[in-house]
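Here's the structure we're looking at; comments come further down.
The values are calculated or read from the model by the stated rules, or taken from the named source; none is laboratory data. Note that this is a predicted model, so its numbers are computed, not measured. In this analysis, Cβ positions are derived from the backbone assuming ideal geometry, glycine residues included, and neighbour counts consider all displayed protein chains. Note: areas computed on protein heavy atoms with side chains; ligands, DNA, RNA excluded. Shrake-Rupley method; radii C 1.70, N 1.55, O 1.52, S 1.80 Å.
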Amino acid sequence: MYGKYTKELGAYAKEEAKRAKKKSVQEVDETLGKPRGRLYNSKIAKVIGWAWRNTFARLGEDWVFLALLGLIMAFLSFIMDHGISMCNKGRIWLYRDLATHPVVQYLAWVSLPFCLILFSAGFVHIVAPQSIGSGIPEMKTILRGVSLKEYLTFRTLVAKVIGLTATLGSGLPLGKEGPFVHIASIAATLLSKLVTSFQSIYENESRNTEMLAAACAAGVASCFGAPIGGVLFSIEVTTVYFAIRNYWRGFFTAVCGATVFRLLAVWFQKEDTVKAYFQTNFTMEFPFDPQELVVFSLMGVVCGIGGAAYVWSHRQYVLFMRKNKKMNAFLQKNRFLYPGIVVLVASSVSFPLGLGRFMAGDLNTHDQVSGLFSNFTWTKDELTVEESEVLRHWTTKSTDHFICLTGFIFYTFIFSIIASTIPVPSGSFIPVFKIGAALGRIAGELMHVIFPQGIHHSEFTTPIIPGGYAAVGAAAFSGAVTHTISVSVIVFEMTGQITHIIPIMIAVLIANAIASLLQPSLYDSIILIKKLPYLPDLLPSSSGIYNVYVEDFMIRDVKYIWNNMSYHELKAVLKENRRLRSFPLVEKPENMILLGSIQRLELIKIIEKHIGRERRLQVVARWQKEAQERAKEEYERKRRESERQRRPSRFEVTPAPDILRMKQQSSGTLDSDHGYRFHPVFGTQPKKSILKKTNSFNLRNYSPLTTPSVTPYTTVTGAESRIRMAFEAIFHKSTTLQDVEPNEDEGSPEPRGLSPPPPYQPVSLPASPGVNKKVQLPRERVIDMSPEDQKEWEEEELRAGVSFADCQIDPSPFQLVGRTSLLKAHSIFSLVGINHAYVTNIGKLVGVVALKELRKAIEDSNAGIPPGSHLQQVQPQAGDGTSVTAPLVNNNPPEIKVNSV
């Protein structure tokens, strides 16, 4: 207390405990004279244990887990980019080098994308249909607390990686950022399951959510080599409320993934050094003039309107395809027809000898973006050889670059929307990024035409940099479509410089504000189309959210369970509400005091434990034992009565019981009073004889339990008979009860229940098997009840009361009071990540609110409709389980499963 403070008390206590334990072990070894070899073995075991704890066991720690996740994503990204590049090079080789005639060139240009898209569509449909689409809307839903069936499995990972590689290799205007977020999430889930085998901490649901949040950042970072923008983008897109404790996790795994991704390019692609994905060389001295900020602001307005138009067009096209039921049914029957038509039309339009020469159709995505970000003016007279090579793809003999840029914008705008509806893995970030870059390039070239010498400001003249306008347009348009600000940071990292940080931020903020007022983000629009259980945002102008309470839209017809309810009632509740995943537990129906909630699986386990097979077999065994005891008592009673009736003489000679029984069997008569009795377990067996066991006799029609290899004329001794009977009893069971798994070849035996055995009927023994006949050992038989007895027993057991003490009960399920406002309910559901909450009034259960009811109330409140008005018509059906288990599912309800609180 008053001495010098040197170390923590807990650490000092641990050291003292280790020292005392080591001393006690040494004293015991010295006392027992333990050999030195054992001491060496213990030291080796300690070394091995230390090595395990500091190597493989550390896989469960966060930093090792996140580093492995970043490495995995970097390798996947590099391999996929290499495969996409090979497909693009193969297409150009077929078009330029292999073919010479225009018709043959057209077939070569169209054939490879056609095959790749059909392969991708067929592969993902067979392996994992969950891999279709972007992945970010579904990840938002998963991080929201909803479990999508088979969405994070290994099959989905394989289908996503291979399908996305084939899709992007076809040259369609599609992206890869959304699918990479999905791929990273699957990798994190599979790695968590691997680590869970020896680190159970990753079984925690919140822990998995933290890893998924970090995985989303790693997916974006490994896609573009942008760690900072990847973390910020994952925060904006995938989460509503972000936990600060996940911040360092996202940065660490994103840095690992982005670093290894760029290092792999240096090692295997002979890059000069680690550089940006789209390297630019904008001037650092005078990147822009302050007067140009007005133009950048106008670009933000144009990009905001254009982004909203893109989202609206995408939603209208998808809804149009869904409303045409006849066409939809026809395309579903012919699954490869729609992808084939789309890829044929898109490839035909982009054919370099046709319309493709007006939209740089012979360039891949990377070369298109690099050309749009080029650091020279396309309208100047004198061009270098490198500049002429870049401009050659954006001009023709009859048109200039403005026509080509406009054609490029229209082609990417239209066909990115159409191609996104193909059932293949695809994203939409890269297409909108290219559209914005083309818009910015047009604006920059127009500014250079208007101000060919640059903008004069006081004594300085600032030249126009069209590549900077392209970067501003790309960030603004993609930010308007995705409703994110972090796109600006991604552009900084992709281009490798932040000279245009101010104009990019201004344009992104203006575009984001305008697009938010006009349309939801592209990912929220997809959520609305698919009707995924995700809460929409509250409109800031909606003042009714403060005057709407939970009691206005909650479900009042709650399906609940109570203490001491019968098993029959519990079984009826489970049968009537098959879609419910959890049930509230109340004290009794009269007071409705909420005690907790129980999962459906736990309730099923209770019923199975009470009337399941194991319990039934235990009851049968007890009944059989009681029947044996009663038979024994009856036999003893009859024996005592027979002894009292006639006192035996001292000189009476009684034959041995074995011989007596054999004689009785040979004569076909058997009386239980003369010493023969039926044992319910060992069958018919003779009693032991007290005479000498060397008397021989012939077996004729002795017992059905005798082995078939013994002929009726075999002569054995009494000792051999008893030994044979012992072995027969091992391989045979009683036939007084029904066999659980009867032999199909022999036919199902007639159920006999627990009735007394029929009188013994001697049967003739079969002939000895031949030499070539197979000998099969007797199958073990399990005794069970007959169907009638089982039904009667179950009905009797179901009348008993249920005790919930042995099952897992959530003692504190999430609760809301009836006067909780809609704004608070939305904030709580989004912050905590729950999917349903019970509404209580002074501890009494009065209703339940799930994502479906809350979302409907928010939509009605934003539309000006009084929430809860729709419940007047559907209130009787609301308690069927739709309020808890499947809120707002799409056309495939089994695909979505909501986890309980």
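For the structure I just gave you, tell me whether Gly135 is among the small types (Gly, Ala, Ser) and within 19 Å of the chain's Cα centre (by Cα). It would help to see each step written out before you state the result.
Working: among the small types (Gly, Ala, Ser): yes; within 19 Å of the chain's Cα centre (by Cα): yes.
Answer is yes for this residue.
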Among the residues of region 321-340, is any under 32 Å from the mean Cα position of the chain (by Cα), open to solvent by less than 20 Å² (accessible area, probe 1.4 Å), more than 21 Å from Phe402 (Cβ to Cβ) and of a type outside the set (S, T, N, Q)?
yes
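To keep it simple, each residue is scored yes or no on (1) in contact with a Phe, Trp or Tyr (Cβ under 7 Å, 6 or more places away or on another chain); (2) in a helix (DSSP H, G or I); (3) modelled with pLDDT under 85; (4) buried (at least 16 other Cβ atoms within 10 Å of the Cβ).
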{"site": "Ile527", "(1), (2), (3), (4)": "yes, yes, no, yes"}
{"site": "Ala572", "(1), (2), (3), (4)": "no, yes, no, no"}
{"site": "Glu608", "(1), (2), (3), (4)": "no, yes, no, no"}
{"site": "Ala627", "(1), (2), (3), (4)": "no, yes, no, yes"}
{"site": "Arg637", "(1), (2), (3), (4)": "no, yes, no, no"}
Show the residue pairs meeting these rules: Cβ distance below 7 Å; 6+ apart or different chains; first residue within region 142-164 and modelled with pLDDT of 80 or more; second residue acidic (Asp, Glu) and surrounded by fewer than 23 Cβ atoms within 10 Å (Cβ to Cβ).
Thr156/Glu150
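Conditions (1) within 30 Å of Ile186 (Cα to Cα); (2) modelled with pLDDT of 90 or more; (3) open to solvent by 20 Å² or more (accessible area, probe 1.4 Å), marked per residue:
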site: Thr100; (1), (2), (3): no, no, yes
site: Tyr106; (1), (2), (3): no, no, yes
site: Phe123; (1), (2), (3): yes, yes, yes
site: Ser131; (1), (2), (3): yes, no, no
site: Pro137; (1), (2), (3): yes, no, no
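Table: residues versus (1) at pLDDT 85 or above; (2) among the charged types (D, E, K, R); (3) within 30 Å of Asn328 (Cβ to Cβ); (4) in a loop (DSSP other than H, G, I, E, B).
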| position | (1), (2), (3), (4) |
| --- | --- |
| Leu823 | no, no, no, no |
| Ser827 | no, no, no, no |
| Val846 | yes, no, no, no |
| Lys856 | no, yes, yes, no |
| Ser861 | no, no, no, no |
| Pro867 | no, no, no, yes |
| Gln873 | no, no, yes, no |
| Ala886 | no, no, yes, yes |
| Asn891 | no, no, yes, yes |
Complete set of residues in region 343-362 that are open to solvent by 30 Å² or more (accessible area, probe 1.4 Å) and part of a loop (DSSP other than H, G, I, E, B)
Leu353, Asp362
Conditions: (1) in a helix (DSSP H, G or I); (2) in contact with a strand residue (DSSP E or B) (Cβ under 7 Å, 6 or more places away or on another chain). Leu439 meets all but one. Number of the miss?
(2)
Looking only at region 378-429, and only at residues there that are open to solvent by less than 20 Å² (accessible area, probe 1.4 Å) and in contact with a Gly (Cβ under 6 Å, 6 or more places away or on another chain), the one that is nearest to Ala360 (Cα to Cα):
Phe429
Regarding region 289-311, can at least one residue be identified that is in contact with a strand residue (DSSP E or B) (Cβ under 8 Å, 6 or more places away or on another chain), open to solvent by 50 Å² or more (accessible area, probe 1.4 Å) and either more than 23 Å from Glu493 (Cα to Cα) or modelled with pLDDT under 85 (or both)?
yes
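Residue-by-condition table, conditions (1) touching a residue at least 60 places away in the same chain (Cβ under 8 Å); (2) over 30 Å from Ile834 (Cα atoms); (3) in contact with a helix residue (DSSP H, G or I) (Cβ under 8 Å, 6 or more places away or on another chain); (4) of a type in the set (A, V, I, L, M, F, W, C):
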site	(1), (2), (3), (4)
Gly468	yes, yes, yes, no
Ile490	yes, yes, yes, yes
Lys531	yes, no, no, no
Pro536	yes, no, yes, no
Val558	yes, no, yes, yes
Residue list for region 574-595, filter: under 22 Å from Gly843 (Cβ atoms), loosely packed, with under 15 Cβ neighbours inside 10 Å and in contact (Cβ under 8 Å) with a residue 60 or more places away in the chain
Asn591
